[in-house]
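Worksheet: the structure to be examined is printed underneath.
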Amino acid sequence: MGNVESNGSYQQHLSRFPPNEQADIEVVFGSLSKMEVAAAAKGVTLETIKGHVKGALPESMVVRLFDGMTSVQLSEKSPGSSGRVTKEQFVVFMSAILKGNAEEKKGIVMRMICKAGGTVKGSQILEFAEDLVNSVIHLLIYRKELKGWNLKNMQNSTAGVKALASQLTSELKTADGRRLEGFAALDACYDEGGLEDWLFRVPQVSSFLGVIVQQGLLPPDQGPSSPSSSHLLPACKGLRPGSSRFVSLLDVPSVAFLNSCLPSGLRREWRLLFSSQLHGESFSQLCGHIVHKGPCLLVLRDAHGYVFGGFASCSWEVKPQFQGNNECFLFSVSPTLGVFTYTGYNDHYMYLNHGQQTMPNGLGMGGQHEYFGLWVDSNYGKGHSKAKPRCTTYNSPQLSAKENFTFNAMEVWAVGEPPGDPDVSDPLRSQDGNTDPFHPSKPCSICPGQGLDRWLSVSQTLGLFCCSLYFHPLLCVF
């Protein structure tokens, strides 16, 4: 098949980079050229690029990058692949991957998947996607760019690489606009138009390619900046000394994927708020650690090993009304990776309540009372995920192995910058810093002067809360 014809001249592609980045590219290609044994040769070989990359990328990905570079053709008169990458091809490749749109990338990605081009099968795209995800994980480890995530405190990434690759390729559409599943999807053929549509609708593919090119081919302290790589992984915070026994329910691929699905302003850092391993299996402990802490991700693992959860776009509040907004979503991590977003059907985004006799007590997201897309009962350890056939709020399927489930692990991560001054933003915080939502921060406005011991005694006996503190339409218990 013919090579990929570049849109625009070499100078046009070069001009997309500011002067300092142009100089960096010159330095990198000059370094590659100096490594060539044949000094008079025009261009660099695959072996030279392998020697330059060293251990930063798996060899299979270096071969794919080389195939993508040599496929670039600046004009119909320019020669086909000579087994070497010219400076012009190198610049155009960089321009397309780091600065280009889906239309510019499609031909190069096609040759990275299959050197012959033409059409490719779904199975070949899946193999490419696995190589892509695996290369990104490999690179982050090699460059020490895990941002505080310790592999010893996470799930093994082997299964996660396959799960993320499957999720990415599940968005492929045939020429007639259909999404296929299973063996039919693997056996289907896709042309450049199908790849362009895929690259346009699945931005993670371009983000991963950008990271590989920027931090794999180019030295970390050189080369053009790529916005897509800045928040690939969030900084991991909230693990204190003594937390070595904590092992997250997530792996590196699932963290990267879920982070990419968050609103852009919340991708910089995650902070561990609650872990059943560290804080105990208690609904009151859960609430005490997540109320008024800003947007967060909650993750559960049921007794059958299914891992799933939800993103709460706003701070949790204990009250018998739905809360949140249309940025909330539900997700699955295992056995399949996927995100399920707002449908517009209703506004039942998130719900948290405790201690009432007339309203459900627990944490829920999507659906309706007694029929949530995700429900964690106040009787900790039990929950349900009801969707026949889909959750009305998020269009999610049943997330757990069984509709009514028990879970053996749960963790909650706050995302983005911490909320403002807790003494101002958190009305439940006492002067001593207590953030337990079941601990009154000040005397009740309806029944002033009653002591804390009296409050605890009565509230624990009756299982009720003071209305002025928790916005519950209850009679005061004092």
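The values are calculated or read from the model by the stated rules, or taken from the named source; none is laboratory data. The model shown is predicted, which means the values in this text are computed figures rather than measured ones. All Cβ positions, even for glycine, are placed from backbone atoms using ideal geometry, and neighbour counts span all protein chains on display.
Cβ-Cβ below 6 Å, separation at least six or inter-chain, first residue in segment 36-55 and part of a helix (DSSP H, G or I), second charged (D, E, K, R) and modelled with pLDDT under 95: which pairs?
Matching pairs, first to second residue: T48/E36.
Taking segment 258-279 as the search range and keeping residues that are farther than 14 Å from W149 by Cβ and among the hydrophobic types (A, V, I, L, M, F, W, C), which one is surrounded by the most Cβ atoms within 10 Å (Cβ to Cβ)?
That would be F274.
If the Cβ limit is 9 Å and pairs must be 6+ apart or interchain, which residue in segment 356-370 that is among the acidic types (D, E) pairs with which residue that is assigned to a loop (DSSP other than H, G, I, E, B) and surrounded by fewer than 24 Cβ atoms within 10 Å (Cβ to Cβ)?
Filtered contacts from segment 356-370: E370/P360; E370/K386.
Consider L46 carefully, then state whether it is hydrophobic (A, V, I, L, M, F, W, C), modelled with pLDDT under 90 and touching a strand residue (DSSP E or B) at 6+ places or on another chain (Cβ under 9 Å).
Details: hydrophobic (A, V, I, L, M, F, W, C): yes; modelled with pLDDT under 90: no; touching a strand residue (DSSP E or B) at 6+ places or on another chain (Cβ under 9 Å): yes.
When the stated conditions are applied, L46 does not pass them.
Report, by residue number, each residue of segment 370-411 that is more than 23 Å from S282 (Cβ to Cβ), surrounded by 16 or more Cβ atoms within 10 Å (Cβ to Cβ) and among the small types (G, A, S).
Result: G373, A387, S396.
Restricting to segment 164-201, what's the tally of residues that are among the hydrophobic types (A, V, I, L, M, F, W, C), farther than 30 Å from R240 by Cβ and not in a loop (DSSP other than H, G, I, E, B)?
Initial filter on segment 164-201 (among the hydrophobic types (A, V, I, L, M, F, W, C)): 164-165, 168, 172, 175, 180, 183-186, 188-189, 195, 198-200.
Those still in the list that are farther than 30 Å from R240 by Cβ too: 165, 168, 172, 175, 180, 183-186, 188-189, 195, 198-200.
Applying the additional criterion that residues be not in a loop (DSSP other than H, G, I, E, B) yields 165, 168, 183-186, 189, 195, 198-200.
Here the count works out to 11.
Got a number for residues in segment 146-163 being surrounded by fewer than 14 Cβ atoms within 10 Å (Cβ to Cβ) and in a helix (DSSP H, G or I)?
Going through segment 146-163 one residue at a time, the tally reaches 3.
Quick one: which strands (runs of 3 or more DSSP E) sit completely within segment 316-380 and have at least 1 residues that are touching a helix residue (DSSP H, G or I) at 6+ places or on another chain (Cβ under 9 Å), modelled with pLDDT of 95 or more and among the aromatic types (F, W, Y)?
Details: elements: 319-323, 329-334, 338-341, 350-353, 362-368, 371-377.
Result: 329-334.
May I ask you to list the residues in segment 248-298 that are among the hydroxyl-bearing types (S, T, Y) and more than 13 Å from the chain's Cα centre (by Cα)?
Taking segment 248-298 and keeping what is among the hydroxyl-bearing types (S, T, Y), we get 248, 254, 260, 264, 275-276, 282, 284.
Across segment 248-298, the qualifying residues are S248, S275, S276, S282, S284.
Take segment 91-112 and flag every residue that is of a type in the set (D, E) and either free of Cβ contacts under 8 Å to residues at least 40 places away in the same chain or surrounded by 24 or more Cβ atoms within 10 Å (Cβ to Cβ) (or both). Break it down into steps so the answer makes sense when it comes.
Filtering segment 91-112 down to residues of a type in the set (D, E) leaves 103-104.
Selection gives nothing.
Can you confirm whether K115 is without any contact (Cβ under 8 Å) to a residue 60 or more places away in the chain, surrounded by fewer than 21 Cβ atoms within 10 Å (Cβ to Cβ) and within 18 Å of the chain's Cα centre (by Cα)?
On the way: without any contact (Cβ under 8 Å) to a residue 60 or more places away in the chain: yes; surrounded by fewer than 21 Cβ atoms within 10 Å (Cβ to Cβ): yes; within 18 Å of the chain's Cα centre (by Cα): no.
The answer is no for K115.
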